[in-house]
Amino acid sequence: MAAFMDTRILLRKIKDLRCLTPRRNRVKAKWAGSQPKYPATNLALQNFDATYSLQLREQWPSVRVSMLCEQKYGALVNNFATPEGVIADLQSQGCRDFVSQPVGGGALERLQAPGFPPHDNSSTIESVGVSQDVAPPHLSTNIKCFVFPGGDISRFKPSRPDLYGMLGYYLMDAASVLPALALDVQEGHTVLDVCAAPGGKTLALLQTQAIRFMCVNDISVSRTYRLQRVLNSYVPKELLTEERMRITSFDGRKWGEIERDTFDRVLVDVPCTTDRHSVMEDENNIFKRARTKERQRLPQLQTELLLAGIEAVRPGGEVLYSTCSLSQLQNEYVVERAMHLAREEHGISLQVADLRPLTRLFKDTFHFAPDPHLGQLVLPHLTANFGPIYMCKLRRLN
């Protein structure tokens, strides 16, 4: 027994057991099988430190810490299931619907008052052709997204199917619901989602129950299959017929050639650096050295996708451009470039819609960047760790 104990103590002290392994079974550790010398997450963080510290200045340390912490989620209620029981269950957990209960003290009524004070950066907005008609936001009462209170990092339980097999809610970044709200889908509209997978924003748009026909597209076949699985889990089959919906895997950059001047609303949620994912996950990280050229081509790809969306929308319709990146190269500069190309090459005049009423309404739920040059940007914050989400709404005039 004493000899057995001595052996156990000896094994604990020996950290490298290769000396006890027969030579014929020893294998030299492969560099490819170990951790990379420069992980993609580290490369992403170095890139962001160099660029966002100049762009966000004193706000970057707070945003940086928030992006490296656990992300908060929202529960998008599925109106095609049995929402009453789902809503009661979420409310019992202390959650609130940030859409119908945005802020306290009658903020929605204050926004709708005629004497609401103007914003500070009106001169900047006028220089890029933003509409100065600060009308109250038109929000669909059918979109419901529940979130935990600020500072509460509780997690949602996985959704369960009802008697008909429909899941009760979809977990997503609550800030990703804002583009669907900002798009302002009205009864009888036709809608195009150019880059729809994995399907969260598509599902949010469908919750309005106002869309006459919707086309959802993604160039990746595998991501399109994932999108179909999401829709089958949340939307009844009678709403997924060819008369109501079309699911495709075309190159979104060619959509202006496929269907021009067709849709009432177009959502262009483009591929981007997905900043939060890039600093947290090595898998499928666009900052891997092998994907350097792909990352450098992103602004060009995003511009082409937005330009295709502008061509696909009918005169008088609206396009919403969104990313999940903080980068001005992928946000404001892409919008400005696409507007220039639309005017010079296609003769299309555009007006930037004012999203300030939306940000005022939800300022207690999300942390918005102050005085943006163009569009609106949700910044991650420890008390409201959503985003980043950038969105800019364009109205086609001719």
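Can you pull a Stokes-Einstein diffusion coefficient for segment 283-398 at 20 °C (1.002 mPa s), Rh from Kirkwood over Cα pairs, as a whole number of µm²/s?
On the way: Rh = 15.3 Å.
D = 140 µm²/s.
How much accessible area does LEU56 have with a 1.4 Å probe, in Å² rounded to the nearest 10?
Its heavy atoms expose roughly 20 Å² to the probe.
Using the heavy atoms of the protein chains and a 1.4 angstrom probe, tell me the accessible area per residue for segment 209-270 in square angstrom.
Values: 3350 Å² over 62 residues.
So segment 209-270 comes to 54 Å² accessible per residue, rounded to a whole number.
Specify the inter-centroid distance of segment 177-255 and segment 322-398, based on alpha-carbon positions, in whole Å.
Cα centroid of segment 177-255 versus Cα centroid of segment 322-398: 21 Å apart.
What net charge is computed for the residues neighbouring VAL266, neighbours being all others with C-beta under 13 Å from the C-beta of VAL266, Lys and Arg scored +1, Asp and Glu -1?
On the way: positive: LYS201, ARG260, ARG265, ARG314, LYS393, ARG395, ARG396; negative: ASP184, ASP193, GLU259, ASP261, ASP264, ASP269, GLU311, GLU318.
That sum, taken over residues with Cβ under 13 Å, equals -1.
Residues of segment 147-162 with amide nitrogen under 20 Å from the 7 Å Cα-to-Cβ point of SER92?
Under 20 Å, as judged by backbone N against the label point of SER92, lie 147-149, 154-162 of segment 147-162.
Rounded to the nearest whole Å², what accessible area per residue is found for segment 333-398 with the 1.4 Å probe? Please list the in-between numbers first.
Details: 2370 Å² over 66 residues.
Value returned for segment 333-398: 36 Å² of accessible area per residue.
Give me the percent of the accessible area of segment 323-390 that comes from carbon and sulfur atoms, probe 1.4 Å, all protein chains in place. Don't skip to the end; give the middle numbers.
Numbers: 1150 of 2360 Å².
So the carbon and sulfur contribution to the accessible surface is 48 percent.
Suppose the chain between ARG289 and CYS69 were pulled fully straight at 0.36 nm per residue; how much longer would it get relative to their current alpha carbon spacing? Display every interim value, and only then the final one.
Numbers: separation 220, 0.36 × 220 = 79.20 nm, distance 2.46 nm.
Full extension of this stretch gives 76.7 nm more.
Roughly how many nanometres apart are two label points built 7 Å out from the Cα toward the Cβ at SER220 and ASP364?
The answer from the label model is 3.8 nm.
For a 18 Å ceiling on Cα separation, which of these pairs sit above it: LYS144/LYS237; LYS254/LYS293; LYS72/LYS363; LYS72/LYS157; LYS37/LYS288? Write out the running numbers ahead of the final one.
Working: LYS144/LYS237 22 Å; LYS254/LYS293 22 Å; LYS72/LYS363 16 Å; LYS72/LYS157 13 Å; LYS37/LYS288 12 Å.
Beyond 18 Å between Cα atoms: LYS144/LYS237; LYS254/LYS293.
Please give me the summed charge of the neighbours of TYR164: other residues whose Cβ is under 12 Å from its Cβ, Lys and Arg +1, Asp and Glu -1. Walk me through the numbers on the way to the answer.
Working: positive: LYS237; negative: ASP162, GLU238.
Net charge around TYR164: -1.
Starting with the highest mean, order 192-202, 308-318, 277-287 by the number of other Cβ atoms within 10 Å, averaged over the residues of each peptide.
Result, highest mean first: 192-202, 308-318, 277-287.
The values are calculated or read from the model by the stated rules, or taken from the named source; none is laboratory data. Source: prediction; values computed, not measured. Virtual Cβ from ideal backbone geometry, glycine too; neighbours counted across all protein chains shown. Heavy atoms of the whole protein, side chains included, go into the accessibility calculation; ligands, DNA and RNA do not. Shrake-Rupley method; radii C 1.70, N 1.55, O 1.52, S 1.80 Å.
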